[in-house]
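What follows is a short report on a single structure.
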Amino acid sequence: MKRKHKRLTFVFIALLLLGSAAALVLTAFEDNIVFFYSPTELAEKSPGPNQRLRIGGLVEDGSVAKPGDGVVTFKITDTASTVPVRYKGILPDLFREGQGVVAEGRMRDGVFQADEVLAKHDENYMPPEVAEAIKKTGQWKGQGDAPGAAQGKSE
Amino acid sequence: MIHRFANPTRFLRLADRIQPWAAGLTVVLGGAGLYFALFSSPADYQQGETVRIMYIHVPSAWMALFCYTALAAACATALIWKHPLADLAARATAPIGACFTLLALATGSLWGKPMWGTWWVWDARLTSVLILFFLYLGYMALNGAFDDPERGQKASAILALVGFINVPIIKFSVDWWNTLHQPASVIKMGGPAIHPSMLTPLLLMAFAFKAYFVWVLLMRMRGEINAMKIRAVRLRQVHAAEATSADAGAATGEAR
């Protein structure tokens, strides 16, 4: 075996070992790496009232209510299960029914008390006319119900 | 084959031929890309005009990963085959990659505030890209941290190879874990989830960034080769001066 072949084998094996080590570490810390839990995962975990966490999913259609005093209540769903959320503060522009959101806070008495709500953006990019046309054909798979809503708000 | 261009003169001749093409492509593709990105592409149905940040952000992020892969490949070539130009190429690549990574982080942050509602979150994608930025900085710092440049090259090359583990983690972070960052739009199963009118400027910008990388890389490697030549000349001068003074010292010693 020539010296450079020895070095090649060494580098290859070292990278392989490092890769497996990294994979093991990342699997072990998976709970800390995920940015949010879905409502179904939250139901399985049943966290204590003082445990801060984030939940993510879609804002359920027709669930957004504003009881006043700047408070917003809505439901986050992953279609399998649903979590009611209570939030006081400013919502991001993209927040609306049918939109993906991530809320951070604590679970208290079956209601998620959020102190931060972030909008999640999906991987679809298209002009408004195209979004409108897809909706008309009933093939819509993107976020939100009214593609004109965000447009109108930003103008 | 790989050692054909080990000769700096032969490499410089090739670089002379490629460089004007790379520069021209950067200007033409970048100009067309910017025109499409800023004037002749539609606003997004959700993001409005903010979508235009993507035409800088996504190509920068691609380049951040591409440059690191190039850096790791150059470091492996230097360590395993002892190719004389590989160290130069690695050293020339690192700052370019670091700049693209910083650009991706900054533009992403500017997009995140209006869209997500936050400048920064510690999700898997954002955090792993920040680590990539630190890996670039660490490589550059370690490379220059030794008096003997060869030791610095070896130590930093090992660091770069170890850090390469991070590249697949960045790429697949959005699929492996729940993240706030959206999954890939262009390279995915079932074709891109991005309208052709928006894909055109994105790809034009991506190729412009690639051409820019080649252009700047060749310029930086030329600079590194010149610096090496100057160092060699200086060393020779110092040795010559030492030799004559040693001779003179020996002569006076004998005279006494």
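Rule-based calculations on the coordinates, nothing more; no lab input. Just so we're clear, the structure is a prediction, and the values are computed from it rather than from any experiment. Cβ atoms come from the backbone with ideal geometry, glycine included; neighbour counts cover every protein chain shown.
With contacts taken as Cα pairs under 8 Å and at least 6 residues apart, the stretch B:105-256 reaches a relative contact order of 15 percent.
Only Cα pairs under 8 Å and 6+ residues apart enter the sum, and on that basis the relative contact order of the stretch B:2-219 stands at 34 percent.
Each of A:63, B:245 has some number of other Cβ atoms within 10 Å of its Cβ, and from fewest to most they run B:245, A:63. Summarised in one figure, the compactness ratio Rg/Rh of the stretch A:35-119, Cα atoms and Kirkwood Rh, is 0.92. Taking the fewest neighbouring Cβ atoms within 10 Å as the starting point, the ordered list for B:161, B:102 is B:102, B:161. Exposed loop sites are taken as trypsin sites (Lys or Arg not before Pro) in a DSSP loop (any state but H, G, I, E or B) with at most 11 other beta carbon atoms within 10 Å; the longest stretch of chain A without one runs A:53-140. Basic side chains Lys and Arg get +1 at the Cβ, acidic Asp and Glu get -1 at the Cβ, and with that the dipole of the protein assembly as shown about its Cα centre reaches some 1880 debye.
Residue-wise HN-Hα couplings along the stretch B:86-99, as the Karplus relation 6.51 cos²θ - 1.76 cosθ + 1.60 with θ = phi - 60° gives them from phi, are 5, 4, 4, 4, 4, 5, 6, 6, 3, x, 5, x, 4, 5 Hz; Gly and Pro carry x. DSSP loop chymotrypsin sites (Phe, Trp or Tyr not before Pro) in the stretch B:57-123 with at most 15 other Cβ atoms within 10 Å of their Cβ, which ones? Answer in residue order: B:119, B:120, B:122. Label separation (residue B:28 vs residue A:50): 6.7 nm, computed from points 7 Å beyond Cα along the C-beta direction. Summarising the label geometry, the points placed 7 Å from Cα in the beta-carbon direction at residue B:230 and residue A:111 lie 7.0 nm from one another. Summing charges over neighbours of residue B:159, with a neighbour being any other residue whose Cβ is under 14 Å away from its Cβ, gives +2 when K and R count +1 and D and E count -1. Secondary-structure-derived ellipticity at 222 nm for chain A, considering helices only, amounts to -10500 deg cm²/dmol, per-run term -39500 (n - 2.57) for DSSP H runs with n ≥ 4. Counting every other Cβ atom within 10 Å of each residue's Cβ, A:46, B:40 order from fewest to most as A:46, B:40.
Gyration tensor analysis over the Cα atoms of the protein assembly as shown returns equivalent ellipsoid semi-axes of 52, 26, 18 Å (largest first, whole Å). Between 0 and 90 degrees, the angle of helix B:8-38 with respect to the longest Cα principal axis of chain B falls at about 20 degrees. Placing a pseudo-label 7 Å from each Cα along the Cα-to-Cβ vector at residue B:106 and residue A:28 gives an inter-label distance of 3.8 nm. Taking every DSSP helix (H) stretch of at least 4 residues in chain B, weighting each as -39,500 (n - 2.57) and dividing the sum by the residue count yields a mean residue ellipticity at 222 nm of -27500 deg cm²/dmol.
With angles folded into 0 to 90 degrees, how steeply does helix B:149-163 sit against the dominant principal axis of chain B? Use alpha carbons for both and round to 10. That works out to roughly 20 degrees. Annotation for the stretch B:93-169 versus the stretch B:38-62: alpha-carbon center distance of 24 Å. Shape analysis of the stretch B:2-219 places it in the oblate category; the axes a ≥ b ≥ c from the Cα gyration tensor give an a/c of at least 1.5, with a/b not above b/c. Between 0 and 90 degrees, the angle of helix A:128-137 with respect to the longest Cα principal axis of chain A falls at about 80 degrees.
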